[in-house]
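This report refers to the structure that appears directly beneath it.
Each reported figure results from applying straightforward, stated rules to the coordinates on display, with no laboratory input. Note that the coordinates shown come from a computational prediction; the quantities given were computed from them, not determined experimentally. When we count neighbours, we look across all protein chains shown, and the Cβ atoms used for this are built from the backbone with ideal geometry, even at glycine.
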Amino acid sequence: MRGVHYSIQDWPQVPAELDWLTSAERERLDGFRFEKRRRDWLSGRWAAKLALLEISGMSREEIGRFEIASAADGAPLPKLDGGNCDVRLSLSHSNGRAFCAVSSAATLLGCDIELVESRSAGFVETYFTDAESERVERADPGSRDLLVTMIWSAKESTLKALRTGLRADTRSVEVIDESDGSGVGWTTVRTLASAAGEFSGLWRREGRFVQSIVARATQPRRLF
């Protein structure tokens, strides 16, 4: 994978000492009422800052220079020493695990992590395109839950890359290749957004989770 860095962190990996947070981040953390929200937020920030260190080449001792603020549309907005970073960053959480991907600012980028679980026929009918629903119907019953989760994750990643998230109709994005992501390690995937064209990506199953990353350069080159 060229040009994209990612980090996956579980809650127990987050340092108990919070000196890696900026003062603005500590203030935001203090405003959360529920422990689960605090944990998700902290694990996401920790994963994001580790990914930013990797893409920047900076040392672990400098992690507190980064801040993950929020853009006007709600997307995470990375900052360095109070100024905006020249990168794109996407964040996702699921069941105590945080997943972050970063790339250059000249990239549309989205990532998603999902727990593999059973989703109803009504879910597929509501959120999937006709072609995706047909793929699910053709799938072996033993692999149905994985396939549905993989498709859903790739769609969510694409909507994040477009910075619309679930405010947009999920059927405006379609997974357009026939791989099911069940191979060993990362395998390729392609999605097609009705208003924005094709995205290249990677997806995989890792234990109980599915992870996906999609990207498209804003200049005419491929990242994957």
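A few remarks follow.
- Segment 118-192 and segment 3-42 have their alpha-carbon centroids 29 Å apart.
- Of the three principal axes defined by the Cα atoms of segment 4-104, the extents in descending order read 33, 30, 24 Å.
- For segment 116-123, Karplus couplings with θ = phi - 60° (6.51, -1.76, 1.60), whole Hz, Gly/Pro x: 6, 8, 6, 10, 6, 4, x, 4
- Taking other C-beta atoms within 10 Å as the exposure proxy, K160, K155, K36 rank K36, K160, K155 from fewest upward.
- Size of charge dipole - segment 111-217 - debye, nearest 20, with Cβ of Lys, Arg +1 and Asp, Glu -1, no other charges: 400
- Rounded to whole Hz, the Karplus (6.51, -1.76, 1.60) HN-Hα couplings of segment 183-199, x for glycine and proline: x, 7, x, 6, 10, 7, 8, 10, 10, 10, 9, 4, 9, 9, x, 8, 10
- Rg/Rh for the chain, where both radii come from Cα atoms and Rh is the Kirkwood radius: 0.97
- Computed helical MRE - 222 nm, the chain, DSSP H runs ≥ 4 contributing -39500 (n - 2.57), nearest 500: -9000 deg cm²/dmol
- Highest-MSF residue in the chain out of A168, A69, A47 [GNM, Cα springs under 10 Å]: A168
- Taking the convex hull of Cα positions in segment 111-217, its mean projected area over all directions (nm²): 6.1
- Likely footprinting exposure, E137, E156, fewest C-beta neighbours within 10 Å first: E137, E156
- Extension gain, T218-E61: 0.36 nm per intervening residue step, less the Cα-Cα distance, totals 53.3 nm.
- Top positive-direction residue, dipole computed over segment 98-201 with Cβ charges, set L192, G110, T170: G110
- Cβ-based net charge around P76, under 14 Å, with every Lys or Arg adding one and every Asp or Glu removing one: +2
- Under a 5 Å amide H cut-off, with hydrogens placed 1.01 Å from N, T107 pairs with T218 among residues at least 5 apart or on other chains.
- Two numbers describe the Cα atoms of segment 155-224: Rg and Dmax, which are 12.1, 36 Å.
- Residues W203, W20, W11 arranged by fewest to most Cβ contacts within 10 Å: W11, W20, W203
- 16 Å Cα-Cα reach of K49 towards lysines, excluding residues that sit fewer than 8 places from it in its own chain: K79
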